[in-house]
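To start, the structure itself, in structure tokens.
The values are calculated or read from the model by the stated rules, or taken from the named source; none is laboratory data. Note that the coordinates shown come from a computational prediction; the quantities given were computed from them, not determined experimentally. Heads up, the Cβs are rebuilt from the backbone with ideal geometry, glycines too, and the neighbour counts pull from every protein chain shown.
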Amino acid sequence: MKQSPDGLLDVKERACGWSPETSVKYEMTKGPGAVITAVIPAYNEERTIAQVVEESRRHASEVLVVDDGSEDATADLAMRAGASIIRIPRNSGKGNALSIGMSTAAKNGSDVIVCLDGDGQHDPDDIPRIVQPILDDKADMVIGSRFLRMESKDLIPAYRRMGQNVLTYATNLGNVVKITDSQSGFRAFKKDIVTAFEYNESGMGIESEMARSAASMGIRIEEVPIMARYDGLETSTLKPTSHGMSVIGSVLREVRSEHPLLYFGVGGFIMLIIGIALGLYSIEHYISAKALPFGPSLFAVMLTILGVLFVLVGLILNAISLMVSKSNGRHSRNG
């Protein structure tokens with residue numbers, strides 16, 4: 001495999017420079033010497049990346065750091081700590097870095113891929129806990145939840161806890177499988193499902209996208225409790241508000257695609273109710289004052305029309321979506 005002059009792998013090769021034959025086998029409970037790769041997306045994490053890599057190596061066959069266009073010494077420090085490196089020339093977003101790292105690990109023979117952040121928030125000593133349900137064949141995807149333990153939940157700053165609850169509620173919208181921590185970046189995946197994912201989200205909405213995709217594909221999802229650190233750490237490359245808006249935007253795009261009746265119908269129904277209420281108010285005002293209130297009347301007409309249109313669009317798109325799903329189901333059975 002070709003390497004650049006500085007010893008880092010070219011991201012275009014989509015490979016991390018190791019093979020399962022040379023990997024160290026890590027034996028966990030009931031684990032038949034599974035090849036476990038820790039994938040760490042990193043952007044300007046020189047303060048913490050070396051420690052995260054060193055601690056992750058105790059529990060993984062290989063540690064793969066995807067340097068997402070860092071402007072500091074992240075890649076060099078990670079390599080010195082023993083990680084394989086993929087370097088992306090320009091910052092492309094966490095979703096893109098994760099998809100490259102996970103796909104690379106799967107193609108190079110990993111049985112289980114563990115994802116964790118490079119900022120020190122996650123404790124690599126929780127890796128055995130994360131991968132165990134997969135090794136026991138009880139799950140295909142495992143999410144490390146900060147909300148299953150009271151002591152871990154209490155460590156999360158109040159404003160973050162509130163925001164994460166909102167984002168988890170949005171992620172669970174329309175899903176059969178309900179999870180408690182949709183934004184946790186500490187996850188484990190069976191190799192087979194990594195190759196089944198369609199990675200559309202390049203930014204911070206990747207966690208929600210994977211959770212929704214896994215639920216829609218009927219993948220077995222399990223959550224295990226983890227601890228997370230926040231004191232003295234810069235735990236997000238985006239401000240919480242920007243992060244939240246990015247995730248909500250991603251969730252809304254998925255809901256629009258997967259559940260058009262929910263996406264358009266709910267909004268249309270709300271507009272229709274408000275429009276009818278304003279219309280009734282306008283009629284009552286006209287009867288009592290013999291004058292039609294211009295503003296409320298105009299809004300009543302506009303909202304009623306928009307509400308009806310939104311509901312109709314939702315119904316039409318939902319019918320099309322059901323037809324496509326049935327058609328795909330027939331094709332898969334015939335195939």
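A compact table of results
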item	result
Unmet criterion (only one of (1) farther than 30 Å from N91 by Cα; (2) modelled with pLDDT under 80) for G249	(1)
Residue satisfying condition, being at pLDDT below 80, under 24 Å from R187 (Cβ atoms) and buried (at least 20 other Cβ atoms within 10 Å of the Cβ), within set E209, E258, E234	E209
Subset of the stretch 99-119 that is of a type outside the set (K, R) and part of a helix (DSSP H, G or I) - its residue that is surrounded by the fewest Cβ atoms within 10 Å (Cβ to Cβ)	S103
Residue count, the stretch 68-82 (criterion: over 22 Å from the mean Cα position of the chain (by Cα) and not in a loop (DSSP other than H, G, I, E, B))	7
Conditions (1) on the phi < 0 side of the Ramachandran plot; (2) in contact with a strand residue (DSSP E or B) (Cβ under 6 Å, 6 or more places away or on another chain): number failed by S103	(2)
Hits in the stretch 164-201 - residues which are part of a helix (DSSP H, G or I) and at pLDDT 75 or above	K191, D192, I193, V194
Close pairs (8 angstrom Cβ cut-off, 6 or more residues apart or separate chains): of a type in the set (G, A, S) in the stretch 280-295, not in a helix (DSSP H, G or I) anywhere	S282/L292; S282/P293
Qualifying residue in the stretch 83-96 (condition: assigned to a helix (DSSP H, G or I), at pLDDT below 95 and among the hydrophobic types (A, V, I, L, M, F, W, C))	no
